[in-house]
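Asker: My questions will all concern the structure given below.
The values are calculated or read from the model by the stated rules, or taken from the named source; none is laboratory data. These numbers were taken from a predicted model, which means no experiment stands behind them. Virtual Cβ from ideal backbone geometry, glycine too; neighbours counted across all protein chains shown.
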Amino acid sequence: MRIDNQFVVPATPERAWEFLTDLGRVAPCVPGATVESADGESLTGRVALRIGPMNMTYTGEAKFVVKDDANKVATIEVGGRDRRGGGTVKAKIKASLTEVPDGTQVNLSTDLGLTGRVAQLGQGPINDVSSKLMRQFADSLAAQIDRPAPAPGSAPAPAAPVAEAEPINLLDSSLLPKKQLAGAAAGLVALVVAFLLGRSVGRRGAR
Amino acid sequence: MSHVETRMTLNGKEVTGHAPADTTLVRWLREQAHAYEVKEGCNEGTCGTCTVLVDGKATTGCTTLAVQVDGARVETSACLADGDELSPLQAKFWETGAAQCGFCTQGMLMSAVELLRSGEKVTPAKVREHLHGNLCRCTGYQAIVNAVVAAAEEGATR
Amino acid sequence: MTETVQHRGAETTRVVNTEVKRQDSREKLLGKTRYAGDFDIAGQLYAKLVRAPMPSARIVSKDASAAMEVPGVVAVFFGEDVPNNEIPTNTAGIKGRPQPPSWVLTTERVRYHGEPVALVVAENTRALAAAEALVDIEYEPLPVVSDPEAALEDGSPLVHEGGNLLSEWNIDRGDVDKAFADAPVVVEGSYEAQVVDHAYLEPETGIGWLDDEGVINIKVSTQEIEHYRRIAHVVGLPDSKVRVQAPYLGGGFGGKEDMTVEPYIALAVQRTGRPVKMTWTRQESLTARAKRHPVRMRYRTAATEDGKLLAHDIDIVSDAGAYPLLSGFVLLYITLNATGPYRCDNVRVRSRAAFTNNTPGSAFRGFGGMQPVLGYEAQIDKVADATGKDRVEVRKRNAYKRGDRIPAGQPIETAVWLEQCIDAVMEAIGPRPEPSSPEHRVGLGLACNVQPYGRVAWMNDSASAWVGCERDGGVVVRCGVPDVGGGQVSSLAQIAAEVLHVPVENVTVHFGDSSRTPLAGRTTATRQLYMSGNAVLSASRELRAQLIEGVAKATGCAEHELTLAEGGVLTPDGVVPLPEVVAMCMANGVAINAMKTFFAPTAKPVTQLIDSERIVPDFTFGAHAAYVEVDTRTGQVRPLRYVAAHDVGRAINPLSVRGQIEGAIVQGLGYALSERIVYDEAVNLTGAFYQYAIPTAADCPEIEVKVLESGEGVGPFNARGIGEPPIGPCASTIASAVEDAVGARPTTLPMLAERVLKCVDEGGRA
Amino acid sequence: MSDVLTTMAYERARTVPEALTLLAEGGEDTRPISGGQSLVPMMNLGLAAPAFLVDVSGIPALRTIGVEGGHLVIGAAVTHAELTTDPLVAEHAPLLARAAAHIGSQRVRNRGTIGGSVAHGDAAAELPVSCHVLEAEYRVESLGRQEWRPARAFSQGHYQTDLNQGELVTAVRVPLRPSHGWGFHEYCRRTGDFALASAAAGVELDGDRIKSAAVAVTGAADRPLRLEEVERRLTGAAVAEAEQIMSGLAGELDVADDPYAKGADRARLIEAMAVRAVRDACADARREQA
């Protein structure tokens, strides 16, 4: 599944690039993520997601495979496994920056591979949930990016403390994802990928 | 692993078993009460082969936890026959050829018994509507519908 | 309601050709029958497969350490741990082209979604589930090919090294090009049929244990107990060290013809020495179990002005999926039956089966005889419409007669009652019902088919049976037939009871045991009544002769004065009861049991260009008619009334015959209207049973069956096979009824509402 | 590693307060279970693994049906089968009775409950879309708190509702609208399947003109969708023009494709269901007038 997205942040390309290329600072913007270890180049961690009665915890790592400072183009590979349900996730995210009048436009294009029972049974609404999650990620990224980076020269900020992020329950966003429903292409994707069970697995509507 | 004690009246007999709380009724009946006539065809509430009566109501054995029917009256098709003599409904099933491979038969019988005991007018269309949750891959349903309609005409309730 | 149309001069029989209530059905109603999943043995372990989550990948690394740490896990197998992991393929592929093997547990490459990669064995199912998720397998995705036609083009990703063409069959009879050049009427059509699943209600299941003679016993839901040989090969033991028992099945329909749980159980029993139980979940079965082959068919048909068929030019591509299994044979059957029950002197058929990364295709009721019905019944309707002739008349005009040759070259040696079948259904279908609202339309459909029964001649098919008498006069039959629910065992009891003049209840049949009952071959291809039925018939007749010989020797009567009668041997001075007859035999050195093997006629294998006098034993013909109602706002098709007629030669048990026809029709209606497996780039998305729409009681019409008996089958008492034939005509019957209702004919299965709505738009009768 | 083998705890609550306490104390993976007809299949398939289930299906207070303050109040543990047979529901909320009859099979309706259905939040479910049209409200209780939340804002997407950890739906109330007519239609591949498209409609007539109309559909979005634009166009129109007004609705709906049905095909089905639901509602309302 391919998903493209764009958003604008009120920062110079250099500032945005510096933030985006430090996974340690980007990861906490991911809803439901818990970072276990991170150096600028790669990170390991968990993402816990609860959707209705279903809860999945994907343990894995993300790393830069391309980091072209000159053209400000990067590719991040994500891989994770749900050690209880047995499903896996693989995502290759190409990020590029373009300067725009009121800041920098971040362009993300992702190839998403999901396996396991969740992916098999949840094809229907996977698009819907991806768009909701990405909106939260984009908002959180935009908010973080223009916050001052740690003073240069000081020791690199220690990896975020291993805080157990409360598995996010996707309730707060109330926007009816009208457009996003039109298909994967219209959605946004962030580091984490969204998995949602489409049709409830059980018999008709709750019983 | 914490086991929960569950007790029920199964086909008129008191049965007690100990199993983990997330054990489904169909697995409890088969593993704790050795009611092998109750089958598990899909484990997701779709096929109906695990249908039993709980307090007289048709119930899906695989989407109901055993602990949820603690203290209830459970009936499987084993309570229909009188020893080795088929019940009136079973006799009709035998006559019309309504049991070929027999894997759907137990659940089909119990859904049919619920209909026969409901007092509703039993027409072929009513049988098809009441039994559409019990899937069968061998008979094409015609022999089953004929059997239930014939049993209803004779006032059978088991 | 069955009404049997009798053939004059049928041999009068006592038990055969009468409605016999099946003994196995009685046990099943009482809930006493134990299926393969209903056996538990103290100390049993449980086994579960770890399946590949993607359709095409290289296995980079495998690590079972995390799984082994789960309390209760006893063993984890990978392909490297299997004594003989490679299972050779013996399907009728293309001469000279090596057929890729399949694997017990694939080691380097994953070729379809859900392919077994590892086997976990544990003390309980909870540990099993936990361990399955912890077997650490690293996959590197490889390019996927999911379209059979694309798979056959140069440069397509290869599923197997030898190329993606699995099998090709051709027929080239008469001068096709000349016939088309001169033909006044030429009609064309493209047709497509989908992947469907057997959906037997009993999942694949079995239990194995080591007996005190060191033999691995496996009680398993299978249609072929002869797999004990392949299992022995997998675990590296002599054939005699593996025993397979097939208790009554909870349905098979061809889906339990290949091995399922057997090799995995055998491996686990061999390694642990303990009993091992394995049951596949419905979700595993839907995702990865072999399915019916989807096909794309292009037909060109030439005809005279008055509707006589002149020529067919047919091109068929089937998707064999990732491994051969029986795809080569299924493609052969598609080719053999491509032109249907109609004479045509100039026929060219080219059919190819391609490997893809989709789920492997294999046997499924109808076995290739089913798919082409969609094509040939649509084409003959097009010929009728193009020539302004009545659809019934055009079928009768072109129907085969005894002595005609099918395009593959084999003459039809038995009666062809196609015309009688058509008349029976057109008479029985009755008046056209009124539509239920102004937004609905009603249509009448008709379709016919031909389906071979018995296996292809070069399989040298045979079946053995043993029949004997007990001292108490009871009759015992031993025959290795697996009973899939179609009444296979009951028919054998009926045949023995007929010949030996005993009540059916006095016949005990021991069946389905690879070491305790003589082998009768797999229950498939509508062959079992024909093969094991004939074996029991001849063994029973020899036993009858022995009983008469014994009485003759004991009483001094001449053998010709003696006949079998109710419960014994009738002599000039009364009936000698069977127990006494047995005693007489014992006293006079006459055996009281007989073992016979029935051999089907054999012939050389066909070449890739099929031209042979003998390919299949015989054919069964039939016709179906139906009224359907189409909702012109949603496109939903609802069958209102369905009638089917088949010539079964002689109905051994009319009750079973009607059950086979009604059951096959509803499977056919699922194929026509709702069943399909949905793929996304060879990933099987139909992983839950609620997503796979087999018909429910509320979606099926009342069905009326007409059993015709021409008395001319090659089975026992002139029976013809009836297990598969009735599944064929359904999709075309419904398609022609939809056309009659809305003015345009669906050509892609299943006929989902949105597809029929496009026919409503096209037909302009909304 | 042994945590991999933990098993679930289960408690049967006898009263609402007891249930609320158990839900509050149970911690993160605690869930209520009522009929279990959607939750248990997910557990069987390894998709859901709750640590603690609080069974509320037997609490007497959740099984009552009565008229209070201009509303029909239905206990959350009332089953779908009971909705189809209860005289008060037939009189005051016939739409719920009609919609419930479409749910699954008799077995499912015998155990599945209205509270479970609305809390589960399946986008294709029959009762939530009906509640949207009925302007129903759900009573949501947690330790020390109780409030009525409108159905229309309760659905938040696939399996997502406005229900937080520790909260329990304990009742559904429907305003009494005797003069209204109601209609429900759904399209399924097979009887009892998930609806590819469904529509619920409520109409009040003024002579043969439509005084007010409420129409909601499933299949168009990740939750029931009120067709407010259609409702505006229907208000004041003659009953005879209703179908014409709604024709072309399919084109206005922006329905996503999914592997089982193309968006455009599903939109046509939604239009057909909406037209028939409104037609039945008008006929039902005319009978109410007579």
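Asker: Out of region A:72-89, which residues are in a strand (DSSP E or B), within 14 Å of another protein chain (Cβ to nearest Cβ) and touching a residue at least 24 places away in the same chain (Cβ under 8 Å)? So that I can check it myself, show each step before the final result.
Answerer: Let us first name the residues in region A:72-89 that are in a strand (DSSP E or B), namely A:73-82, A:88-89.
Okay, now just the ones that are also within 14 Å of another protein chain (Cβ to nearest Cβ), so A:77, A:79-82, A:88-89.
Residues satisfying the conditions are A:G80, A:D82, A:T88, A:V89.
Asker: Here's something else I'd like to know. Being surrounded by 15 or more Cβ atoms within 10 Å (Cβ to Cβ), away from chain A (no Cβ under 12 Å) and aliphatic (A, V, I, L, M) is the filter here, so list the residues in region C:129-164 that pass it.
Answerer: Correct list: C:L142, C:V145, C:A151, C:L152, C:V159.
Asker: Also, quick follow-up: Quick one: in region C:243-285, which of the residues that are touching a helix residue (DSSP H, G or I) at 6+ places or on another chain (Cβ under 7 Å) and more than 14 Å from C:G206 (Cα to Cα) is surrounded by the fewest Cβ atoms within 10 Å (Cβ to Cβ)?
Answerer: Selected residue: C:Q270.
Asker: Now for a different question. Which condition from (1) touching a strand residue (DSSP E or B) at 6+ places or on another chain (Cβ under 6 Å); (2) within 29 Å of C:A525 (Cβ to Cβ); (3) acidic (D, E) is the one that C:E712 breaks?
Answerer: (1)
The rows are residues; the columns are (1) under 23 Å from C:E284 (Cα atoms); (2) at pLDDT below 95; (3) surrounded by 17 or more Cβ atoms within 10 Å (Cβ to Cβ).
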position	(1), (2), (3)
B:T6	no, no, yes
B:T9	no, no, no
B:R27	yes, no, yes
B:Y36	yes, no, yes
B:E40	yes, no, yes
B:C50	yes, no, yes
B:G56	no, no, no
B:T63	yes, no, yes
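Asker: Collect the residues in region C:258-285 that are assigned to a helix (DSSP H, G or I), within 13 Å of chain B (Cβ to nearest Cβ) and out of contact with any Phe, Trp or Tyr (no Cβ under 6 Å at 6 or more places or on another chain), keeping them in residue-number order.
Answerer: First pass over region C:258-285, keeping only residues assigned to a helix (DSSP H, G or I): C:262-272, C:282-285.
Imposing the further condition that a residue be within 13 Å of chain B (Cβ to nearest Cβ) reduces the set to C:282-285.
Result: C:Q283, C:E284, C:S285.
Asker: Within region C:9-31, take every residue that is of a type in the set (A, V, I, L, M) and modelled with pLDDT of 95 or more and give me the one that is nearest to the chain's Cα centre (by Cα). Before you say what the answer is, go through the steps one by one.
Answerer: Our first condition is that a residue be of a type in the set (A, V, I, L, M); within region C:9-31, this holds for C:10, C:15-16, C:20, C:29-30.
From what's left, modelled with pLDDT of 95 or more: C:29-30.
On the way: C:L29: 25, C:L30: 28 Å.
Per the stated criteria, the residue is C:L29.
Asker: With respect to A:R46, is the statement that it is assigned to a strand (DSSP E or B) and within 14 Å of chain D (Cβ to nearest Cβ) true? Can you show your working first?
Answerer: On the way: assigned to a strand (DSSP E or B): yes; within 14 Å of chain D (Cβ to nearest Cβ): no.
Here the answer is no, as A:R46 does not meet what is asked.
Asker: Right, next: Just checking: which of the helices (runs of 4 or more DSSP H) contained wholly in region D:78-174 hold 3 or more residues that are more than 8 Å from chain A (Cβ to nearest Cβ), touching a residue at least 12 places away in the same chain (Cβ under 8 Å) and among the hydrophobic types (A, V, I, L, M, F, W, C)?
Answerer: Details: elements: D:80-85, D:87-92, D:94-100, D:106-111, D:114-120, D:126-134, D:151-154.
By residue number, D:94-100, D:126-134.
Asker: Among the residues of region C:694-750, count how many are part of a loop (DSSP other than H, G, I, E, B) and touching a Pro at 6+ places or on another chain (Cβ under 8 Å).
Answerer: Initially, region C:694-750 is screened for residues part of a loop (DSSP other than H, G, I, E, B), giving C:694-696, C:700-701, C:709-715, C:719-724, C:728-729, C:743-747, C:749-750.
Restricting the remaining residues to those that are touching a Pro at 6+ places or on another chain (Cβ under 8 Å) gives C:700-701, C:714.
Selection size over region C:694-750: 3.
Asker: Taking the condition of being buried (at least 23 other Cβ atoms within 10 Å of the Cβ) and under 19 Å from C:G251 (Cα atoms), how many residues in region C:497-519 meet it?
Answerer: Here the count works out to 2.
Asker: Considering region D:242-290 alone, what residues qualify as being among the hydrophobic types (A, V, I, L, M, F, W, C), at the interface with another protein chain (Cβ under 9 Å from one of its Cβ atoms) and not in a helix (DSSP H, G or I)?
Answerer: Once the filter is applied, which keeps residues that are among the hydrophobic types (A, V, I, L, M, F, W, C), at the interface with another protein chain (Cβ under 9 Å from one of its Cβ atoms) and not in a helix (DSSP H, G or I), region D:242-290 yields D:V255, D:A256, D:A261.
Asker: To continue, here is another question. Quick one: is C:A525 among the hydrophobic types (A, V, I, L, M, F, W, C), under 30 Å from C:A363 (Cα atoms) and at pLDDT below 95?
Answerer: Values: among the hydrophobic types (A, V, I, L, M, F, W, C): yes; under 30 Å from C:A363 (Cα atoms): yes; at pLDDT below 95: yes.
Yes, satisfied.
Asker: Applying the selection to region C:754-766, what residues are assigned to a helix (DSSP H, G or I) and in contact with a helix residue (DSSP H, G or I) (Cβ under 7 Å, 6 or more places away or on another chain)? Explain how you work it out, then say what you get.
Answerer: The initial filter retains those residues of region C:754-766 that are assigned to a helix (DSSP H, G or I), namely C:754-763.
Of everything in region C:754-766, those that are assigned to a helix (DSSP H, G or I) and in contact with a helix residue (DSSP H, G or I) (Cβ under 7 Å, 6 or more places away or on another chain) turn out to be C:E754, C:V756, C:L757, C:C759, C:V760, C:G763.
Asker: Residues to consider are D:V67, D:V73; find the one that is touching a strand residue (DSSP E or B) at 6+ places or on another chain (Cβ under 7 Å) and not in a loop (DSSP other than H, G, I, E, B).
Answerer: On the way: D:V67 fails: touching a strand residue (DSSP E or B) at 6+ places or on another chain (Cβ under 7 Å).
Answer to the selection: D:V73.
Asker: Please work out which residue is farthest from the other protein chains (Cβ to nearest Cβ), limiting yourself to region B:10-26 and to residues that are under 18 Å from the mean Cα position of the chain (by Cα) and more than 16 Å from B:S77 (Cα to Cα).
Answerer: Applying the first criterion (under 18 Å from the mean Cα position of the chain (by Cα)) to region B:10-26 yields B:10-13, B:15, B:24-26.
If we keep only those that are more than 16 Å from B:S77 (Cα to Cα) as well, we get B:15, B:24.
Details: B:V15: 16, B:T24: 7 Å.
My answer is B:V15.
Asker: Tell me whether region A:70-80 contains one or more residues that are modelled with pLDDT of 85 or more, more than 14 Å from the chain's Cα centre (by Cα) and among the basic types (K, R). Full working, then the answer.
Answerer: Of all residues in region A:70-80, those modelled with pLDDT of 85 or more come to A:70-80.
If we keep only those that are more than 14 Å from the chain's Cα centre (by Cα) too, we end up with A:70-74.
Filter again for among the basic types (K, R), leaving A:72.
Yes, region A:70-80 contains a residue that is modelled with pLDDT of 85 or more, more than 14 Å from the chain's Cα centre (by Cα) and among the basic types (K, R).
Asker: Could I ask something else about it? Report yes if B:T105 is closer than 22 Å to B:V145 by Cβ, crowded, with 24+ Cβ neighbours inside 10 Å and among the hydroxyl-bearing types (S, T, Y), otherwise no. Break it down into steps so the answer makes sense when it comes.
Answerer: Working: closer than 22 Å to B:V145 by Cβ: yes; crowded, with 24+ Cβ neighbours inside 10 Å: yes; among the hydroxyl-bearing types (S, T, Y): yes.
In short, yes.
Asker: Here's a follow-up. If we keep just the residues of region D:159-185 that are closer than 30 Å to C:Q636 by Cα and under 13 Å from the mean Cα position of the chain (by Cα), which is surrounded by the most Cβ atoms within 10 Å (Cβ to Cβ)?
Answerer: Looking at residues that are closer than 30 Å to C:Q636 by Cα and under 13 Å from the mean Cα position of the chain (by Cα), I get D:Y159.
Asker: If a residue has to be under 26 Å from C:L332 (Cα atoms), at pLDDT 95 or above and of a type in the set (A, V, I, L, M, F, W, C) to count, how many in region C:69-114 make the cut?
Answerer: Total meeting the criteria: 1.
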